[in-house]
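Only one structure is covered here, and it is reproduced in the block below.
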Amino acid sequence: MKYTAPTKQGYFGKYGGKFVPEILIPALAELEEAYEESLNDPLFQKEYHDLLREYVGRPTKLTFADRLTEHYGKAKIYFKREDLCHTGAHKINNAIGQLLLARKMGKKRIIAETGAGQHGVATATACAKFGFECVVYMGAEDMERQKLNVDRMRLMGAEVRSVETGSKTLKDATNEAIRDWVTNVDDTFYIIGSVVGPHPYPMMTRNFHRVIGEETRDQLKQKEGRLPDYLVACVGGGSNAIGFFYPFIDDENVKMIGIEAAGLGADTDQTAATLTKGTPGVLHGSLSYLLQSNEGQIQLAHSVSAGLDYPGIGPEHSYLHDTKRVHYYGVTDQDAMDAVKLISMKEGIIPAIETAHAFAYLETLMPLTQRDEVVVVNCSGRGDKDMKTISEWF
Amino acid sequence: MTTKTSRIQSVFEKRNGDDKIMSLFITAGYPDLESTVDLILGFEENGADLIELGMPFSDPLADGPTIQYASNVSIEKGITMKKIFGMVRQVREKSEIPIILMGYINPILRYGVEAFCSDAEESGVDGLIIPDAPIEESGIIESAAREHGLDMIYLVAPNSTDERMKAVDEKSSGFVYCVSVTGVTGARQGDEVARSVERFIGRVNTNVTSNPKLVGFGIKNYEDAKLISERVDGYIVGSALIEAIRKEYPNKGWKESVLQFVNHLKFGNI
Ligand SMILES: Cc1ncc(COP(=O)(O)O)c(C=O)c1O
């Protein structure tokens with residue numbers, strides 16, 4: 001590949017790094033070593049790919065969205081069906097990968113943060129499957145709006161700890177998970193749920209998700225005999241998006257679009273549109289764009305979707321934004337909810353509210369496309385967990 | 001490296017025999033914006049040798065509930081970086097006690113690294129402790145800090161390797177901050193700290209040889225301090241001091257009670 005980021009120090013351009021307390025430095029060094037080893041360990045790789053096939057259900061389908069294509073009357077639209085992964089979202093690709101690393105490193109206890117609860121569920125699932133102790137930190141507000149996922153985690157034996165600080169959402173759950181990690185660093189492995197955190201997490205998590213883009217490439221080649229013209233994905237921390245984009249990053253003709261949650265609007269203070277409204281800074285161990293005040297205090301994000309309700313973004317997305325390899329736009333709560341309805345009605349697929357942000361952007365994108373072009377949307381998750389919010393909205 | 005002796009260095013040079021250096025951490029603007037300067041001056045009168053002045057951050061992920069609380073109070077009361085420099089200036093009108101600013105890197109980046117170091121020097125700050133900028137990342141501020149005569153104080157922890165301790169010692173000036181236990185800041189129960197420190201300090205003394213050493217995290221009283229700092233140059237108290245303030249503020253005479261606590265931390269019951 002021409003594209004080689006990150007550097008050995010974990011930098012994507014000027015973003016990334018390891019901005020963590022001294023106590024975590026040995027843990028990151030140990031993790032880096034274990035991860036590097038796993039890349040050249042055929043048994044590790046085989047076990048990971050076997051689990052993806054036999055347990056997660058990969059490869060996921062690439063579905064032609066014929067009625068949605070007809071609706072817009074422009075380019076052909078395909079969905080990459082991460083919603084069909086076991087547990088209902090892409091998150092499990094990474095949770096399984098990191099859990100295998102934890103086992104390899106001899107760690108006994110797993111912790112995770114979660115927003116929408118999909119990463120928490122994926123981690124609880126992997127822990128149940130392998131018999132690990134699991135503690136998941138979740139903001140009190142998110143526990144309310146994603147109650148189904150809280151119940152799923154508990155049923156599988158995970159302990160879900162309610163986080164009452166700050167905005168009571170993903171940012172604060174991540175703070176608590178890091179504090180737990182700092183305290184129990186000897187026996188605990190922190191499974192981070194997106195391409196955020198200190199190096200090597202953003203790189204490692206990307207690589208556990210690159211299977212999304214690799215499959216898409218092969219599947220589209222079979223169906224259309226060509227590369228896509230557009231890739232569209234929603235971006236919270238950015239894991240589903242980067243896994244989808246990364247295998248196409250050297251293909252200059254493939255245009256990539258990341259969709260952030262604009263909340264009530266990127267021009268209001270009720271937003272999670274980090275790249276649109278943010279400035280570079282350090283949160284949760286890496287340098288990246290952030291929503292912050294003039295004093296450098298982190299601002300509370302807002303989005304109707306718990307999984308995108310985060311004032312930061314993975315460092316690689318900051319880099320791809322600055323270099324303009326990927327273009328990022330915001331979609332409001334209202335537009336995302338309208339897209340939930342449209343995709344449900346036209347395709348019989350109820351998307352997660354996170355995912356619906358990507359679909360909502362088709363309203364803007366499709367009129368600009370040609371009939372002989374192909375758009376692929378990463379359908380990162382299914383919407384069962386969101387039924388309460390969806391019912392209350394309409 | 002600064003060539004002239006810094007205020008921090010001279011504290012250690014002037015230390016008599018077995019005396020222990022006491023460094024106190026207080027969040028700037030806690031319990032209110034008006035009290036910080038008075039508290040610092042009072043701490044000095046009651047035995048503090050160094051002051052670590054905390055720059056509040058909204059997401060202090062190396063801190064336990066006590067310092068999180070103090071940071072939130074201070075942010076709510078409207079603390080700003082400019083106000084913190086103002087506090088340091090006011091202390092400097094009356095005192096030469098070394099002041100180390102301690103806080104997370106983000107507010108510093110937002111202020112601008114060069115402007116921050118320059119304003120720090122101008123107001124009378126002596127050094128910096130930035131827990132989330134370990135030696136891998138401190139290049140972002142190191143040269144500006146040195147240029148403005150600020151000591152850079154790095155941390156070692158019980159799980160730091162011998163090589164790591166040596167590297168930290170090499171990068172540090174002023175002193176090396178020895179984190180007594182793995183975990184966030186905050187008082188610890190029983191003898192957890194003492195047990196952890198046993199082996200750790202032995203390794204610290206072998207590997208950290210060019211800087212003085214202060215041990216901190218979890219020290220809650222005079223007895224703890226004495227025991228834990230036995231084989232180093234002194235100790236750091238933060239959360240226990242903030243708890244002492246939290247217990248008394250804003251009752252009448254709260255400041256006196258807090259200063260009594262400080263006096264006892266240093267001298268024990270007399
Ligand atoms: C279905 C789904 N999509 C997207 C996201 C956002 O995360 P990321 O940007 O890391 O893909 C989440 C997070 O919870 C999710 O559950």
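The values are calculated or read from the model by the stated rules, or taken from the named source; none is laboratory data. These numbers come from a predicted model, not from an experiment. Cβ placement follows ideal geometry from the backbone for every residue including glycine, while neighbour counts extend to all protein chains displayed. To get the accessible areas, we keep the full protein, side chains included, count just its heavy atoms, and leave off ligands, DNA and RNA. Shrake-Rupley method; radii C 1.70, N 1.55, O 1.52, S 1.80 Å.
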(request) Considering each of B:160, B:143 in turn, give the residue that is surrounded by fewer than 21 Cβ atoms within 10 Å (Cβ to Cβ) and either small (Gly, Ala, Ser) or within 18 Å of the chain's Cα centre (by Cα) (or both). (result) B:143
(message) Give me the residue from the range A:313-353 that is in contact with a Ser or Thr (Cβ under 6 Å, 6 or more places away or on another chain) and open to solvent by less than 20 Å² (accessible area, probe 1.4 Å) and, out of that set, farthest from residue A:68 (Cα to Cα).
(response) A:315
(request) Mind listing whichever residues of the range B:22-59 are open to solvent by 10 Å² or more (accessible area, probe 1.4 Å) and β-branched (Val, Ile, Thr)? (result) B:37
(request) Go through the range A:308-353 and give me each residue that's touching a residue at least 24 places away in the same chain (Cβ under 8 Å), out of contact with any strand residue (DSSP E or B) (no Cβ under 9 Å at 6 or more places or on another chain) and part of a loop (DSSP other than H, G, I, E, B). (result) A:323
(request) Return yes when residue B:106 is open to solvent by less than 10 Å² (accessible area, probe 1.4 Å) and within 14 Å of chain A (Cβ to nearest Cβ) and no when it is not. (result) yes
(request) Answer yes or no: is there a residue in the range A:70-93 that is free of Cβ contacts under 8 Å to residues at least 24 places away in the same chain, of a type in the set (Asp, Glu) and closer than 23 Å to residue A:375 by Cα. (result) yes
(request) Could you look through the range A:12-36, keep only residues that are surrounded by fewer than 20 Cβ atoms within 10 Å (Cβ to Cβ) and without any contact (Cβ under 8 Å) to a residue 40 or more places away in the chain, and pick out the one that is nearest to the other protein chains (Cβ to nearest Cβ)? (result) A:29
(request) May I ask you to say which residue of A:310, A:328 is within 13 Å of the ligand (Cβ to nearest atom) and within 14 Å of chain B (Cβ to nearest Cβ)? (result) A:310
(request) All but one of (1) surrounded by fewer than 19 Cβ atoms within 10 Å (Cβ to Cβ); (2) in a helix (DSSP H, G or I); (3) at pLDDT 95 or above hold for residue A:356, so report the exception by its number. (result) (1)
(message) If I go through the range A:359-375 residue by residue, how many of them are open to solvent by 40 Å² or more (accessible area, probe 1.4 Å) and more than 26 Å from residue A:250 (Cβ to Cβ)?
(response) 4
(message) Here is a list: A:104, A:74, A:80. Which entry is touching a Ser or Thr at 6+ places or on another chain (Cβ under 6 Å) and open to solvent by 30 Å² or more (accessible area, probe 1.4 Å)?
(response) A:74
(message) Just the residues that are open to solvent by less than 10 Å² (accessible area, probe 1.4 Å) and under 16 Å from residue A:233 (Cβ atoms), please, taken from the range A:294-309.
(response) A:303, A:305, A:308
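Residue by residue, here is whether (1) outside any helix (DSSP H, G or I); (2) within 12 Å of the ligand (Cβ to nearest atom); (3) buried (at least 18 other Cβ atoms within 10 Å of the Cβ) holds:
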| residue | (1), (2), (3) |
| --- | --- |
| A:55 | no, no, no |
| A:67 | no, no, no |
| A:70 | no, no, no |
| A:87 | yes, yes, yes |
| A:98 | no, no, yes |
(message) Tally up the residues in the range A:106-136 that are at positive phi and away from the ligand (no atom under 16 Å from the Cβ), please.
(response) 2
(message) Please pick out the residue among A:144, A:164 that is free of Cβ contacts under 8 Å to residues at least 12 places away in the same chain, open to solvent by 10 Å² or more (accessible area, probe 1.4 Å) and away from the ligand (no atom under 12 Å from the Cβ).
(response) A:144
(message) Restricting to the range A:220-253, give me the number of residues that are more than 9 Å from the ligand (Cβ to nearest atom) and more than 11 Å from residue A:326 (Cβ to Cβ).
(response) 16
(request) Can you tell me which residue among A:163, A:195 is in contact with a strand residue (DSSP E or B) (Cβ under 6 Å, 6 or more places away or on another chain) and either under 20 Å from residue A:121 (Cα atoms) or of a type in the set (Lys, Arg) (or both)? (result) A:163
